[in-house]
Amino acid sequence: MLTPNLHYAELKDSYLFARIAEKTAAYCEGHPGTYLLRMGIGDVSQPLCPAVIAALHEAVEDQAHKERFHGYLPECGAPFLRESIAAYYGKRGVAVAPEEVFVSGGASDELGHILDLFDPGAAALIPEPAYPAYVDANVMSGRRIAHLPTGRAQGFLPEPEAVPGAELIYLCSPNNPTGAVYTRAQLRQWVEYAHAHKACIIYDAAYEAYIRSAALPRSIFEIAGAETCAIEVNSFSKTAGFTGVRCSWVIVPRALMQDGISLHRLWKRRQATKYNGTSYIVQRGAAAVFTPAGQQQVQRDIDAYMENAVMIRDALEVSGVFSTGGTHAPYVWMQCPHGMRSWDCFDSLLKRFGIISAPGAGFGAQGEGWLRFSSFGSRETIEKAAKRLADMDWDAFAVFAGADVRL
Ligand code: MLT
C-alpha cells in the first residue's frame with residue numbers, strides 16, 4: 001500500500017491566507033453588497049507600471065514571429081534578466097554575479113523548494129512570528145523546527161540563540177508580519193552565528209524595496225562573509241506588483257559551501273531537473289523593472305503604499321492602541337486591545353467595521369494577541385479604513401467581541 005506523506009497531518013487545518021479568504025467569502029455570502037476594506041493578505045492593488053506593460057506587450061509580439069519567437073529559456077533564467085538583477089545589487093555596492101542569480105516563479109515557492117538542498121535531518125530555526133510558509137514547507141518535508149520566539153520587548157528582532165542541530169535559519173527583513181528591520185550590526189551577529197555553527201541563512205528579502213533609510217541593509221550580502229553562509233530570496237511581487245504575474249529570484253553564491261559541497265552547484269543541478277524556466281514573456285516584463293523608467297515607476301507605487309502604511313499607523317495611534325511596523329515595511333502590526341485573541345479581533349473587525357486584517361496567530365504562537373494590517377490596498381480603501389480605525393472605541397469593541405474587559 002502506498003502511504004501518503006503523513007507529515008501533512010501535522011499542519012494546521014488550513015493555511016492562514018486560505019482561512020482568511022474562506023471567512024471573508026462566508027461573510028460576503030451572508031451580507032451581499034457589503035464593501036469590505038481588504039487589508040488581510042499582502043496583495044497589491046496598483047496595476048503593473050507602464051514600463052512593464054510595454055515590455056510584456058513587446059514580448060507577446062515576439063512570440064508571434066518566427067524570427068523572434070522563444071521556446072525554452074535557460075532554466076536558471078534568461079541572461080538579460082540575470083544581468084539586470086546582478087546590476088541592481090551592484091548599484092548598492094553588493095557584488096553578485098549573474099550566474100549566482102536564479103530566476104524563478106515566486107518567492108513563497110522558493111522558500112520551500114530550497115529545502116531540497118539540505119539533509120532532512122537538519123532542523124530549521126524559525127524566529128517567530130513568521131511568514132507561515134516557512135513553517136508549513138518544513139512540516140511538509142518532515143523536518144524538525146526550532147521555533148525562536150520574539151516579542152515586543154526585543155522589537156521583534158531576535159538575536160541568535162544556539163539551538164543544537166538547527167542549522168537552517170530563516171530570517172526575514174523587513175519582517176513579515178511585524179515590519180521590524182535588522183540593522184547591519186544585528187545581521188552581522190547572525191552571519192557570525194551561522195559561521196560558528198556551520199549553519200545556512202535563508203534570507204527572505206521580499207520587502208527590501210520598502211526600506212526608507214540608507215543606513216539599513218537591504219540584502220544579507222551587504223554583510224561581509226554572508227556569501228559563504230547565506231542564500232537570499234527576493235520577489236517582484238511586492239516591489240513591482242507581480243503577485244499575479246509571478247517572478248522571483250534566488251541568490252546562491254558560488255562561494256557557498258556546506259561540508260565541502262557547493263550549494264550553488266547543487267541548486268543549479270536541482271533547477272535543471274525540477275524547473276523548466278520562467279516564461280520568456282514574464283522575464284521580459286521583469287527586466288523592464290530595472291530600466292530607469294521602470295525603477296521610477298515602481299518607486300511611485302512603493303511610495304504610495306508607504307503613505308498608506310503611515311495612515312494606518314497614525315490612525316491606530318490616535319485610537320490609542322499599540323502598533324509597530326509600517327515605517328520600512330508595508331505591514332502594520334497591532335497589539336489587540338484588552339488581551340483579545342487574534343481571530344476574535346479579526347472576526348469583530350470584519351463584522352462591525354468591514355475591515356479584513358490578518359490575525360497574528362496565523363504567524364505562529366508568538367503572534368497570538370496581534371493583528372497585521374496590509375498597506376497594499378487602494379488609497380480609497382486605506383483612507384476609509386484609517387478613518388474607522390482612528391474613531392475606534394477599543395473598549396466598546398472588546399466588549400462587543402466578548403473579551404474580558406476590565407475598565
Ligand atoms: C502575506 O500577505 O504575508 C504574503 O504577502 C502573501 C504571500 O505572498 O503569500
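Being outside any helix (DSSP H, G or I), away from the ligand (no atom under 16 Å from the Cβ) and without any contact (Cβ under 8 Å) to a residue 24 or more places away in the chain is true for just one of L168, L148, L125, L157. Which residue is that? It would help to see each step written out before you state the result.
Numbers: L168 fails: without any contact (Cβ under 8 Å) to a residue 24 or more places away in the chain; L125 fails: without any contact (Cβ under 8 Å) to a residue 24 or more places away in the chain; L157 fails: without any contact (Cβ under 8 Å) to a residue 24 or more places away in the chain.
Within the list L168, L148, L125, L157, the selection yields L148.
Are there any pairs with C-beta distances below 7 angstrom linking a residue in segment 260-274 that is closer than 20 Å to A226 by Cα to a residue that is of a type outside the set (A, V, I, L, M) and open to solvent by 70 Å² or more (accessible area, probe 1.4 Å), with the two at least 6 apart or on different chains, and if so which?
H264/R254
Can you tell me which residue is nearest to the ligand (Cβ to nearest atom) among those in segment 171-194 that are touching a residue at least 40 places away in the same chain (Cβ under 8 Å) and not small (G, A, S)? Working first, answer last.
At the first step, the residues of segment 171-194 found to be touching a residue at least 40 places away in the same chain (Cβ under 8 Å) are 171-181.
Cutting the leftovers down to not small (G, A, S) gives us 171-172, 174-178, 181.
On the way: L171: 16, C172: 10, P174: 12, N175: 11, N176: 5, P177: 7, T178: 11, V181: 16 Å.
It comes out as N176.
Are there helices (runs of 4 or more DSSP H) fully within segment 250-332 with at least 1 residues that are surrounded by fewer than 16 Cβ atoms within 10 Å (Cβ to Cβ)? List them.
Details: elements: 263-274, 280-288, 292-319.
Passing ranges, in order: 263-274, 292-319.
If I go through segment 187-211 residue by residue, how many of them are open to solvent by less than 60 Å² (accessible area, probe 1.4 Å) and of a type outside the set (A, V, I, L, M, F, W, C)? Working first, answer last.
As a first pass, look at segment 187-211 and keep what is open to solvent by less than 60 Å² (accessible area, probe 1.4 Å): 187, 190-191, 193-194, 199-211.
Narrowing further to those that are of a type outside the set (A, V, I, L, M, F, W, C): 193, 203-204, 207-208, 210.
Matching residues across segment 187-211 total 6.
Which is within 16 Å of the ligand (Cβ to nearest atom) and within 24 Å of S45 (Cα to Cα), of F353, F376?
Working: F353 fails: within 16 Å of the ligand (Cβ to nearest atom).
Answer to the check: F376.
Exactly one of (1) at pLDDT 95 or above; (2) open to solvent by 20 Å² or more (accessible area, probe 1.4 Å); (3) part of a loop (DSSP other than H, G, I, E, B) is unmet by G77. Its number?
(2)
How about segment 106-116: which of its residues are open to solvent by less than 20 Å² (accessible area, probe 1.4 Å) and away from the ligand (no atom under 12 Å from the Cβ)?
Scanning segment 106-116 gives I114, L115.
Only one of (1) open to solvent by 20 Å² or more (accessible area, probe 1.4 Å); (2) touching a Ser or Thr at 6+ places or on another chain (Cβ under 8 Å); (3) of a type in the set (D, E, K, R) fails for R372. Which number is that?
Result: R372 fails condition (1) only.
If L37 passes every condition in (1) surrounded by 17 or more Cβ atoms within 10 Å (Cβ to Cβ); (2) more than 16 Å from the ligand (Cβ to nearest atom) but one, which one does it miss?
(2) is the only condition that L37 fails.
Would you check if G369 is at pLDDT below 95, on the phi > 0 side of the Ramachandran plot and more than 16 Å from the ligand (Cβ to nearest atom)? Steps first, please.
Numbers: at pLDDT below 95: no; on the phi > 0 side of the Ramachandran plot: yes; more than 16 Å from the ligand (Cβ to nearest atom): yes.
Spelling it out, it is not the case that G369 is at pLDDT below 95, on the phi > 0 side of the Ramachandran plot and more than 16 Å from the ligand (Cβ to nearest atom).
Do we find a residue being over 19 Å from the mean Cα position of the chain (by Cα) and within 24 Å of T34 (Cα to Cα) anywhere in segment 314-328? Spell out how you get there, then give the answer.
Pass one, segment 314-328, residues over 19 Å from the mean Cα position of the chain (by Cα): 314-323.
Still in the list and also within 24 Å of T34 (Cα to Cα): 315-316.
Yes - at least one qualifying residue is present in segment 314-328.
Would you confirm whether or not segment 198-209 contains a residue that is assigned to a helix (DSSP H, G or I) and within 16 Å of the ligand (Cβ to nearest atom)?
At the first step, the residues of segment 198-209 found to be assigned to a helix (DSSP H, G or I) are 208-209.
So of that shortlist, the ones also within 16 Å of the ligand (Cβ to nearest atom) come out as 208-209.
Yes; the residues of segment 198-209 include at least one that is assigned to a helix (DSSP H, G or I) and within 16 Å of the ligand (Cβ to nearest atom).
Could you list, ordered by first residue, the pairs with Cβ atoms under 8 Å in which the first is in segment 88-111 and of a type in the set (F, W, Y) and the second is assigned to a helix (DSSP H, G or I) and open to solvent by less than 10 Å² (accessible area, probe 1.4 Å), at least 6 apart or interchain?
F102/W267; F102/Q271
Across segment 128-145, what is the total count of residues that are part of a helix (DSSP H, G or I) and within 15 Å of the ligand (Cβ to nearest atom)? So that I can check it myself, show each step before the final result.
If we filter segment 128-145 for residues that are part of a helix (DSSP H, G or I), which is where we start, we get 132-140.
Cutting the leftovers down to within 15 Å of the ligand (Cβ to nearest atom) gives us 132-137.
Number satisfying all stated conditions: 6.
Do the conditions hold for A215, that is, is it open to solvent by less than 10 Å² (accessible area, probe 1.4 Å), modelled with pLDDT of 95 or more, away from the ligand (no atom under 16 Å from the Cβ) and hydrophobic (A, V, I, L, M, F, W, C)? Outline the logic, then answer.
Values: open to solvent by less than 10 Å² (accessible area, probe 1.4 Å): no; modelled with pLDDT of 95 or more: yes; away from the ligand (no atom under 16 Å from the Cβ): yes; hydrophobic (A, V, I, L, M, F, W, C): yes.
Criteria not met by A215.
Matching residues to (1) part of a helix (DSSP H, G or I); (2) under 29 Å from T239 (Cβ atoms):
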site	(1), (2)
A361	yes, yes
F376	no, yes
K384	yes, yes
V399	yes, no
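The values are calculated or read from the model by the stated rules, or taken from the named source; none is laboratory data. On a predicted model such as this, the values are computed, not experimentally measured, just so you know. Cβ coordinates were reconstructed from backbone atoms using ideal geometry, including for glycine residues, and neighbour counts include every protein chain displayed. With ligands, DNA and RNA removed, areas are computed over all heavy atoms of the protein, side chains included. Shrake-Rupley method; radii C 1.70, N 1.55, O 1.52, S 1.80 Å.
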